[in-house]
Amino acid sequence: MPPPPPDDALTTRIPPTCPASIAELLHHAWRHDLAALKPLLAVPGRASVQEPTTGETPLHAAIRSCASTSTSANADPDPDLDAAKAVVHELFLSGAIWNDVDSNNETPGCLAARLGQEALYALCVEAGVRAELLFGLLGGDGYEELESEDEEEEEEGDEDGENKDNTENADEPIDIVLESDPDRAFAFAPPQPAAADPDVNSDEYLRSQLTYDAGKLVDDSQNGVMMAWETSIMRASVDALLTPGEKLPAAGRTRVLNIGFGMGIIDGMFREAHPSKHHIIEAHPAVLEHMNGPDCTFGKEWEASAPSEGAYKVHAGRWQDVIPNLLEQGELYDAIYFDTFGEDYAQLRNFFTEYVPGLLDENGVFGFFNGLGADRKVCYDVYTKVVEMHLSDAGMDVEWQEMDVDMGGLEEEGKGEWQGVKRRYWTLDKYRLPTCTFMG
Ligand SMILES: C[S@@+](CC[C@H](N)C(=O)[O-])C[C@H]1O[C@@H](n2cnc3c(N)ncnc32)[C@H](O)[C@@H]1O
């Protein structure tokens, strides 16, 4: 049975126990009373207060109060909507946080999407893009990845010296104070207790044990590295990369580079297209061992079957270490695909900014697995725009092809395809497939 829809009533979201100074702000936001709200927002931090038990922020309140009108069949413009937009806009100007989650595990953008408030949703996405671009500028390599609320809480727990291991009390609500500001002391009981394992990072991943089993590749913390349900995405990616447009060489003459072998799904598809050159970069020792073992057909024999010396080749190592050599050797490709694991967005950005220009033929095509922010629609939409802007900075145009994802078996954490996998890293029924080419 699907869970009942969240209770959006004012008295539920701003209960009588709410501290007066927070309740005042939330009520003004709920009523879209900009005149009353503005003076309060002049004090730093007030735009991001949270009701201590429901996590309601002024953004949530301003959006949620549109709930009753959002389903109205009346086609006339809703006068309240302009007021709501003005309040949301003002809140963002005053420092409201675009991805705070409430007790329903909804960001303001998630809420706007659920209520069908497209204009308010668009404001949340724009604010998210601004925030993420700023993080990119400020952080350089430390680009802040969008996080699920579980991850945020784990980190906050770390900083406060709290025990991250919640597994022993998995049925009990977890009270975690998110910030030292008492007006953001939202005690959130997440629907899924936070996992005890640390976040995946590249060095740890590359040292971990891997298991290939039917339909998936997992590391020793049960992180899904690659899963068979992604096959249709790999198929569409190959089709987008290899379909000879007017610029690409005809099938059979294409030079391909794939970064990240995983289960070899995409490499099997590239191979079927008989490329003239097919290079694979893979870093994990267990994947490399698998490639040379009896269950895989990408070992030495495959390399030896190349039409010319070195044309089919597995480059063992991290792409960061391998690619400088390929550049030095003057290798060029018509199609490049990038799908690694355990790396953050800064690595992908670095790859297409620093290396794609030197590796890709001027008429070539670059693609990547677009799982950025895929555990929430609003995050996915934010990252689509962020990556588009960064690709543009790198001199590339991107075309997005939206395709359906068959969600059968993917709906529930820990069930169906996710059985034996720690985190349901994909929640969306649409995949946005990127095809990138040089501008001009
Ligand atoms: C998601 S899987 C790729 C799946 C692949 N697209 C397929 O169709 O099966 C990611 C792969 O990237 C590899 N990888 C992770 N970091 C890497 C790095 N820095 N350089 C090269 N390969 C890396 C992982 O070991 C893993 O085999």
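Within a straight-line Cα-Cα reach of under 27 Å, Lys415 can be paired with the following lysines, leaving aside sequence neighbours fewer than 8 residues apart in one chain: Lys164, Lys216, Lys377, Lys430. Backbone amide hydrogens, once placed in the peptide plane, bring Tyr312 within less than 5 Å of His278, Ala306, excluding anything fewer than 5 places away on its chain. Distance from the C-alpha centroid of region 274-294 to that of region 340-368: 19 Å, rounded to the whole angstrom. 3J(HN,Hα) couplings calculated from phi for region 431-440 with the Karplus curve 6.51 cos²θ - 1.76 cosθ + 1.60 (θ = phi - 60°) are, in sequence order, 10, 9, 8, x, 10, 10, 9, 5, 5, x Hz; Gly and Pro show x. Based on Cα atoms of region 10-142, Rg over Rh with Rh as the Kirkwood radius reads 0.97.
Sort Asp375, Asp334 from largest to smallest accessible area, using a 1.4 Å probe on the heavy atoms of the protein chains.
Details: Asp375 45, Asp334 5 Å².
Greatest to least solvent exposure: Asp375, Asp334.
The values are calculated or read from the model by the stated rules, or taken from the named source; none is laboratory data. Keep in mind that what you see is a predicted model, and the values were worked out from it rather than measured. Calculation scope for accessible area: heavy atoms of the full protein, side chains included, ligands and nucleic acids excluded. Shrake-Rupley method; radii C 1.70, N 1.55, O 1.52, S 1.80 Å.
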